[in-house]
Amino acid sequence: MSIEGKKMNKTVIQFGLVLAGAFMLGVGANSAVADVGQGYWGSSGMNVKNGSGLCWHSGYWAPAMATEECDPDLVPKKPAPPPPPPPAPVVAPPPPPPAPAPPPPPPPAPKPVVEKITMAADAHFDFDKSVLKPEGKAKLDDLVGKLKAVNLEVVIAVGHTDSIGSDAYNKKLSMRRADAVKAYLVSKGIEANRIYSEGKGKSQPIADNKTKEGRAKNRRVEIEVVGSRGK
């Protein structure tokens, strides 16, 4: 083969290599576009953007192919997640049961009964005597009737005299008359241990012993009853 023939063969071979390379580049470019897809030109799986920062659309691009990176305004917005369910209502614990009502106060204690009567000695005893006259017994019967409505605690009989006579004599006389009252009340059912008798003689006058009227008032037996009203 001549020298010119060899040069021609070399040129043909180089041209063929160029065509093969161009064909391979074309296949590679198509493969890159195919990798990107979605209607955008790109390579290596990434969208290709122009100098304005916008992606190049392919000839078959449609809005349905829009991506968030290239056409964010065309990408349907994801609906906002539903709000979280409201918290469960806080149920307040039931109030504690009311405290039991305090017991009613005890009824007031019955007021004590204090009754005091005075028996004139001249009317209920003979002069210088300690024996009860009918009038004195009637007075005590009336007292016993009243005691039936009383929770009896104590009966105190105290004898007194005027100033005539010695202290010792009047002390004994007043004591005998108080004892006579006690004995009669016991005979009517009053417990003896609830009756106290005492003689004061002439030591506690209630009137002037210088007059007849005053001395008559001083000759007396005072009876005091202490108890409470029966239910």
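The values are calculated or read from the model by the stated rules, or taken from the named source; none is laboratory data. Since the structure is predicted, the reported quantities are computational estimates derived from the model, not experimental observations. Heads up, the Cβs are rebuilt from the backbone with ideal geometry, glycines too, and the neighbour counts pull from every protein chain shown. Calculation scope for accessible area: heavy atoms of the full protein, side chains included, ligands and nucleic acids excluded. Shrake-Rupley method; radii C 1.70, N 1.55, O 1.52, S 1.80 Å.
Being open to solvent by less than 50 Å² (accessible area, probe 1.4 Å), of a type outside the set (A, V, I, L, M, F, W, C) and farther than 21 Å from residue 129 by Cβ is the requirement here; does residue 189 meet it? Against the criterion (open to solvent by less than 50 Å² (accessible area, probe 1.4 Å), of a type outside the set (A, V, I, L, M, F, W, C) and farther than 21 Å from residue 129 by Cβ), residue 189 does not qualify.
Evaluating residue 101 against the criteria (1) open to solvent by 100 Å² or more (accessible area, probe 1.4 Å); (2) not in a strand (DSSP E or B) leaves one unmet condition, (1). The residues on offer are 168, 149, and the sole one that is at pLDDT below 90, of a type in the set (Gly, Ala, Ser) and open to solvent by 40 Å² or more (accessible area, probe 1.4 Å) is 149. Restricting the first member to the range 111-139 and to residues that are touching a residue at least 60 places away in the same chain (Cβ under 8 Å) and open to solvent by 60 Å² or more (accessible area, probe 1.4 Å), and the second to residues that are outside any loop (DSSP other than H, G, I, E, B) and not hydrophobic (A, V, I, L, M, F, W, C), the beta-carbon pairs closer than 6 Å and six or more apart or on different chains are 112/228; 116/224; 118/220; 118/222.
Restricted to the range 206-224, and to residues that are touching a helix residue (DSSP H, G or I) at 6+ places or on another chain (Cβ under 7 Å) and closer than 21 Å to residue 136 by Cα, which residue is most open to solvent (accessible area, probe 1.4 Å)? Taking the candidates together, the pick is 206.
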